[in-house]
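Structure first, then comments.
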Amino acid sequence: MDIPQALLDFAGGNAVLIAVAIFVIVCVMLGVRIVPQSEKFVVERFGRLKSVLGPGINIIVPFLDKVAHKVSILERQLPNASQDAITRDNVLVNVETSVFYRILSPERTVYRIRDVDGAIATTVAGIVRAEIGMMELDEVQSNRAELISKIKAQVEDAVDDWGIEVTRAEVLDVNLDAQTRDAMLQQLNAERARRAQVTEAEGRKRAVELQADAELYAAEQEAKARRIQAEAEAYATEVVAKAIADHGLEAAQYQVALKQVESLTALGKSGGSQTVVVPASAMDAFGEAFKMFRGRA
């Protein structure tokens, strides 16, 4: 049975259309590239760098261009690494480090370095040994922030040509051998004992100083009291001298008579005896004082 020519022509036309449709679909599939937000695609044409595709929908030339590398731009962490280093004062330490980085220029990373993680780890190890070699052990332990800052800055300079940004560098631990730790512990105990002795000596010195200050203060107060008493006696003497100068011998006799009267009065108030023997001269003096008193009144 012969197939009609029209049917053959229709089938042939449909085959061409189907082939064209398939070709178009393949071209669309090869030419349209959807890049995730966390990645960048490196496109090559005939083995050479053509472009770098960013996140979103991108169009390339099918059959001529191809995505050669898919590079993650997320921040990465290198595995923790340990390396030995010798300080300036010849102490062997084991330093544990960790580095975080991310790729900024994938075209430079994929064409300039093969093993990014290994290259960065080697660079960090060399920089750590060099920096610690310029520091003493006490500086390494007390200035860890400064050490981290120096390591980060030098690593950034070293990996700049690779299109990488070092976001963080950490010195996780600085380990010492057993002998060094024992020596440091002995030194620490000796320093604590020295400080205790110094504190005790300063306390004794302060106590002596305070005692001396107290004695000096007491002496100053006693001298001040004596000075005031001397000034009072001098003032009384001055008053008597002035009275004698103004009133002559009469004032002096008046003062002597008052003193005698005061003495007799005190003797009379004593409880040891009820009888008071008064000399005639004392009575005369009392009379003279009474006359003077009446005269002054």
Ordered by residue, what ³J(HN,Hα) values in Hz, to whole numbers, does the range 21-30 give under the Karplus form 6.51 cos²θ - 1.76 cosθ + 1.60, where θ = phi - 60° and Gly and Pro are x?
4, 5, 4, 5, 5, 5, 4, 5, 5, 7
Using θ = phi - 60° and the Karplus curve 6.51 cos²θ - 1.76 cosθ + 1.60, what whole-Hz ³J(HN,Hα) does each residue of the range 225-231 get, with Gly and Pro shown as x?
5, 5, 5, 5, 5, 5, 5
Pop out the ³J(HN,Hα) list for the range 76-83 in order, Karplus 6.51 cos²θ - 1.76 cosθ + 1.60 with θ = phi - 60°, rounded to Hz; leave Gly and Pro as x.
10, 10, 6, x, 4, 10, 10, 9
So if R0 is 25 Å, what FRET efficiency would residue 141 and residue 195 give, r being the distance between their Cβ atoms, rounded to the nearest 0.05?
0.85
Show me 33-42, 56-65 ranked by packing, highest mean number of other Cβ atoms within 10 Å first.
33-42, 56-65
Which whole-number percent gives the relative contact order of the range 51-109, counting Cα pairs below 8 Å spaced six or more residues apart?
33 percent
Fully extended contour minus Cα-Cα distance, from residue 157 to residue 217, at 0.36 nm per residue:
14.6 nm
What does the highest-first list of 203-211, 138-146 look like by mean Cβ count within 10 Å?
138-146, 203-211
Over what distance in Å are the Cα centres of the range 32-110 and the range 146-222 separated?
43 Å
For the residue 122, residue 179 Cβ pair and Förster radius 25 Å, calculated FRET efficiency rounded to 0.05 is 0.25
Note on the range 42-154: contact order normalised by length, alpha-carbon pairs under 8 Å, 6 or more apart, percent, works out to 23 percent
So, R0 is 45 Å and r is the distance between the beta-carbons of residue 76 and residue 16; what FRET efficiency does that work out to, to 0.05?
0.30
Suppose every Lys and Arg Cβ carries +1 and every Asp and Glu Cβ carries -1, with no other charges. What dipole size does the range 5-71 come out with about its Cα centre, to the nearest 20 debye?
380 debye
Long-range amide H partners of residue 104 with built H, under 5 Å:
164, 165
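Every number in this text was worked out from the coordinates using simple rules, so none of it is lab data. Given the structure is predicted, the values throughout are model-derived calculations rather than measurements. Please note: Cβ atoms are built from the backbone with ideal geometry, for glycine as well, and neighbour counts cover all protein chains shown.
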